[in-house]
Amino acid sequence: MTWVRRNLFRSVGDSLLTLVFGALALYVLWGVIEFVFITGRWEIIQVNLKLLLVGRFPEELLWLVSGSLMALGFWVAAAGGVAKHTSEKPPSVGAKIWNGIQRFGLLAGVGILLIVLSADWDSVALGALIVAAIVAGRLVALARNKIGALSRIPGWVWQPLLAVAPITLIALTLSQASIDLWGGFLINFYIAIISIFLSFPLGVLLALGRKSTLPIIRLISTTYIELIRGAPLFVLLLLAGVALEFFVPPDLSPGSIFRAVTVFTLFTAAYVAEVVRGGLQSISRGQTEAGKALGLSTTKLTALITLPQALRNVIPAQIGQFISLFKDTTLAGVALNVVDLLNVGTAVTKQDDFLGQGLIYEALAFVGLLFWVGAYFMSRESQRLEKRLGVGLR
Amino acid sequence: MSSLPSAPSKPPIWRDIRVLRWAFQLLVLALVMAMIYWLYSNYQANVAKSNIPTNLLFLDNPANFTIPGNDLDQSQPVRDAFVQGFYNTLRVAIVGIVLTTILGTLVGIARLSRNFMVRAIATAYVELVRNIPLLVLLTFMNLAVVLQTFPRIENAWLPLDLFVVSNRGIAIPWFEGSGTVLLTVLAGALIATWIVVKLRGRSSDSTGKPARGLLFGLSTFVILVIAGWIVFGYNWVLPFVDDRATSGGLRLDPSFFALLVTLVVYTSSHIAEIVRGSIQAVPSGQAEAADALALSGGQKMLLVVLPQAFRIAMPALGNQFLNLIKNSSLGATISYFELTQIAQITVGNGSPAVPAFTLTLLVYLVISLVTSVIVNIANRRLALVER
Amino acid sequence: MSKDVFTDATIMSGDRSDDDAIVVMDNVYKRFKDFEALKKVNFKVGRQEVVVVIGPSGSGKSTLIRCINRLEEHDDGRIFVDGTELTQDIRNIQEIRKETGMVFQNFNLFPHLSILTNVAMGPRQVRRMPKATAEALALELLTRVKIPEQADKYPSQLSGGQQQRVAIARALAMKPKVMLFDEPTSALDPEMINEVLDVIKELARDGMTMVVVTHEMGFAREVADRVVFMADGEIVEVGTPEQLFDHPKEERTKQFLSQIL
């Protein structure tokens, strides 16, 4: 009772605020609930679910996507390993379950929503299989801890072993299904992951260059970074859309996804460079001096001492960068006509069956939901990781 | 002393550390130059094949399109269209920055409120908006809200009888009279207010009585503006529906409105986090010292915490302002005729793509640089004033 | 003895000849922007000699030893370490860094690596020893500084005194010809100073050539062969601990000693 009084009705003014905002909140909540469950016409989503999620991915190869999802679930569950409990009391089973719900509840919720929307048994089966794969992954991780033979396998053998399944599946998917048919939510993820992957080495090089003592190197790196950071991503994408073919040898005609990935990579590299630079600056000078005094060459010093620490320190910021990139992939839909989730979302409202019925709300709500859950989940995980690593660079 | 070798041996070139450093740099430079050359030669080859000019002469060609909300003639050169686009970008940027700072600061403070309801709503707002892509928000604002929810002109909403809201835009009451004169009046009033506040401050310093700068300053400002209003014969004009359009007042273009609201809402969620973080970064000892001095809650915030928080937040805020300016380029997706949209249209009409977009990029770069400089000056001023 | 004896830092203790000089600094000059850190320094350190350098802050004593392993670059004059001259030649610099070991005031252990890896880093990466040999050597050295059980821990888990001892082991792992100590105990809590000093004293007794910059006078008295007093970038006075501490000749020396003793 005192909690209520302290937090809601501390004073007259306070109580007034509570009532006004409380009423507002209830009004909005009611509107949302009404929209979702009563007045919303979700048929448009149900009918176009595949298009929204994977674009025009060939039907017969969809099992590759499902398989990749399962393999990924297994891998993430297994590679994470079992947390070492440093506190005196290991958490109870109930606490662990509640923890799990807090962490993955949203994802699971969305998964269930998708299954309900698709309304066929195939997706239920898929959902069950993914859950099974994750459970299997946890069991394997546990087994590694408990079974002597498994725990003796060195880390550098075990991890790649676990990664074999998802990587082969993803590679297969890439080779079998032409990239230009990919679309929907899948393509947002794919572009983001490829771009962050490619931009990373370039970004690290730029960061090292910016901090270098050699003036020309520093100039080149700083110029690149500042030029890119002053430019709107949208304009760069538009430029790539009409101009990229001018810069490659004639007779080479790059597809839109290639253009998108190129621009995103070059763009993100500049931002990654700034993030890594922050990490490099956090390493005390004494470290480099100690390394030099031992006789380490500059390359070895950077590779063994400076970079590992810097990169570890900026993991949360890096994840933040990835989340931004993930959200920005929507721009490729408009600038380059990539058939991403947002693009599909607006396009389906113009289909013959749904034209002119004002279904844009339903479409955008679904699109917004998927992006929101993805971004929110990733930022929570990043916060969790930050706490676990005990690092935090503003 | 006698056992030293006669003269220092010069290291061979390939082991001399200075030579090595420069050789490395020149090598990298050569690589970069080679890459640029390769790109450039590709460009030349392709351009020669397709016969598209690569200079800025296209700026003199007639535009062949009109810009809504503006009397640009079709035959005026592209250059003028670009200038108009630039103005439109500035319009949405400046208004946007002002509004988003206000909203963001309020939400940021709200996130630290002791009232649970206020705190919860602010947190929900921030978490909701932060994680949605800007383009999704913008599309929603444009397609769903403005084009769909807002009524057609025949059934326009007339909130408070002062505004006209329809899917053609929002009309607000505006003044009738010369804009420049009004700006001068406002500027004069601001200067006068500043003088009054300073004088009150000085009188308060010597007499000890409260300065009440806010009271005096505000009254001065209001009185002067009203006086100027009457003297120069200004009039309020209320908008009304006139056949299929609105007359009178200032009409805010629907895409301008959509873009502005989206940018403000989106950026303010980031600013709220920055403001919250910087308030929390002010050492708690500061608030404690303020309490020990018996300052009221408002005084504590205004005089002690916020100024320091602002100083901490300034660089990050500057970054958000830059983001807002760059994000305004998304206006092109909803037909708001800012710089990027102009560029897209002229390219669609036949202007050469690479020069047009490069020019656009350069303009954005310049805007970014100028904003960075302004933010840096603000940063330094804040630090100086405090010290 | 002429007046010059107690200002000439090139005269080594014992009856060492010039052939026994491990470190030779001839007319070394070093400036930072407009601050002259070292003005015409002439200095020699002989084989197995222990030289302690004292002086007020800003006197150039840190710069002196940091020039020896090229952490600072001298602007004029010549420096030799074990016969190799310190020039712009990258090979010379590498050679000299292999032969000199340095212990820093702030330990500067690598926080992301285990203690064992920290110590084994030098031999493994620079002397290219195979991993197993390097780690065995590391363990041996950790035993010598009396903390072998910490081998698998990380620097943040150790106390300051333990970290500094690991730093000493790390420097020793390179089997250097001369060890340089830059105020090794200045950043330690008082109760840990002795454990580190004991290790350094034992090193001295085992015959390691050392240059130690420190404020610990008791330590200097016990193990130093020579004490060098520096001020304002110059070597002001030199002598045995008894000569310098008990019978200082120069005014500046007397002033400094009166402030700290």
| remark: For C:HIS112, B:HIS270, ascending order of other Cβ atoms within 10 Å (fewest first) is C:HIS112, B:HIS270
| request: Would you be so kind as to identify which of B:ALA122, B:ILE274, B:ALA245 lies farthest towards the positive end of the dipole of chain B, taking Lys and Arg as +1 and Asp and Glu as -1 on Cβ and the Cα centre as origin? | output: B:ILE274
| Based on the Cβ-Cβ distance of B:ARG119 and A:LYS300, what FRET efficiency does E = 1/(1 + (r/R0)^6) give at R0 = 51 Å, to the nearest 0.05? | 0.50
| query | What value, in deg cm²/dmol to 500, does the helix sum -39500 (n - 2.57) over DSSP H runs of n ≥ 4 give at 222 nm once divided by the residues of chain A? | reply | -25000 deg cm²/dmol
| Could you give me the ³J(HN,Hα) list for the range A:18-25, computed from phi with Karplus coefficients 6.51, -1.76, 1.60 and θ = phi - 60°, whole Hz, x at Gly and Pro? | 4, 5, 4, 5, x, 4, 4, 4
| query | How compact and how long is the range C:119-171, expressed as Rg and Dmax of its alpha-carbon atoms in Å? | reply | 10.7, 30
| message | If you fit an axis through the alpha-carbon atoms of helix C:190-205 and take the longest principal axis of the Cα set of chain C, what angle between them do you get, 0 to 90°, nearest 10? | response | 80
| said: As a quick test, which of the pairs A:LYS211/C:LYS131; C:LYS61/C:LYS249; A:LYS387/B:LYS300; A:LYS292/C:LYS254; B:LYS49/B:LYS326 have an alpha carbon distance above 30 angstrom in this structure? | reply: A:LYS211/C:LYS131; A:LYS387/B:LYS300; A:LYS292/C:LYS254; B:LYS49/B:LYS326
| said: As a test of the formula, what do you get for chain C when each DSSP H run with n ≥ 4 contributes -39,500 (n - 2.57) and the sum is divided by the residue count, at 222 nm and rounded to the nearest 500 deg cm²/dmol? | reply: -10500 deg cm²/dmol
| query | With charges only on Cβ, +1 for K and R and -1 for D and E, what is the dipole size of the protein assembly as shown about its Cα centre, in debye, rounded to 20? | reply | 1260
| So which residue, out of A:GLY13, A:GLY374, A:GLY279, gets the largest mean-square fluctuation from a GNM of chain A using Cα contacts under 10 Å as springs? | A:GLY13
| request: Could you check which residue among A:ALA177, A:ALA290, A:ALA141 shows the biggest mean-square fluctuation in a GNM of chain A with a 10 Å Cα cutoff? | output: A:ALA290
| For the range B:139-213, with only Lys/Arg (+1) and Asp/Glu (-1) charged at the beta-carbon, what is the dipole magnitude about the Cα centre, in debye rounded to 20? | 480
| field | Charge dipole of chain A about the Cα centre (unit charges at C-beta), most positive-ward option of A:TRP158, A:PHE57, A:ILE147 | value | A:ILE147
| Which residue fluctuates the most in chain B, going by a Gaussian network model with Cα springs under 10 Å, if the choices are B:ALA192, B:ALA34, B:ALA316? | B:ALA34
| task | Kindly put A:ARG5, B:ARG119, B:ARG276 in sequence by how many other C-beta atoms sit within 10 Å of each C-beta, fewest to most. | result | A:ARG5, B:ARG119, B:ARG276
| query | Cα extents of chain C along the three principal axes, largest first, in whole Å? | reply | 55, 43, 39
| In chain A, with Lys and Arg counted as +1 and Asp and Glu as -1 at Cβ, which of these residues, A:ALA231, A:GLY22, A:GLY183, has the Cα nearest the positive end of the dipole, that is, farthest along it? | A:GLY22
| task | For helix C:115-125, report the angle its Cα long axis makes with the longest principal axis of the Cα atoms of chain C; keep it between 0 and 90° and round to the nearest 10°. | result | 80
| message | Give the average, rounded to an integer, of partner chain Cβ atoms located within 10 angstrom of each Cβ in C:158-170. | response | 0
| message | Based only on other Cβ atoms within 10 Å, what is the fewest-to-most ordering of B:TYR364, B:TYR37? | response | B:TYR37, B:TYR364
| said: Given R₀ = 25 Å, what would the calculated FRET efficiency be for C:ASP34 paired with C:SER57, taking r from the Cβ atoms and rounding to 0.05? | reply: 0.85
| field | Quarter of Cα convex hull surface for chain B, i.e. mean projection, nm² | value | 35.2
| the protein assembly as shown pair-distance distribution - Cα-Cα, 20 Å bins, rounded % | 9, 32, 33, 20, 5, 0
| field | Acute angle (nearest 10 degrees) that the helix C:90-99 long axis makes with the longest principal axis of chain C, alpha-carbon atoms | value | 80
| note | One computes Rg over Rh for the range C:98-234 from alpha-carbon atoms, with the Kirkwood Rh, and obtains 0.97
| note | Rounded to the nearest 500, the 222 nm mean residue ellipticity computed for chain B from DSSP H runs (n ≥ 4, each -39500 (n - 2.57)) alone is -21500 deg cm²/dmol
| note | Measuring from its Cα centre, chain B shows a charge dipole (+1 at each Lys and Arg Cβ, -1 at each Asp and Glu Cβ) which, in debye to the nearest 20, is 1540
| Once phi is turned into θ = phi - 60°, what whole-Hz ³J(HN,Hα) does the Karplus curve with 6.51, -1.76 and 1.60 give for every residue of the range B:195-205, x standing for Gly and Pro? | 4, 4, 4, 4, 4, 4, x, 5, 5, 5, 4
| Rg/Rh ratio calculated on Cα atoms of the range A:128-277 (Kirkwood radius) | 1.10
| Amide proton proximity set for C:GLU237, modelled H, under 5 Å, gap of 5+ | C:PHE229
| remark: For chain A, the Debye formula with one identical point scatterer on each Cα and no solvent gives log10 I(q)/I(0) at q = 0.07, 0.13 Å⁻¹ as -0.44, -1.35
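No lab work stands behind these numbers, since they all come straight from the coordinates. In this text, all values refer to a predicted model and were calculated from it rather than measured experimentally. Ideal geometry is used to build each Cβ from the backbone, glycine not excepted, and the neighbour counts take in all protein chains shown.
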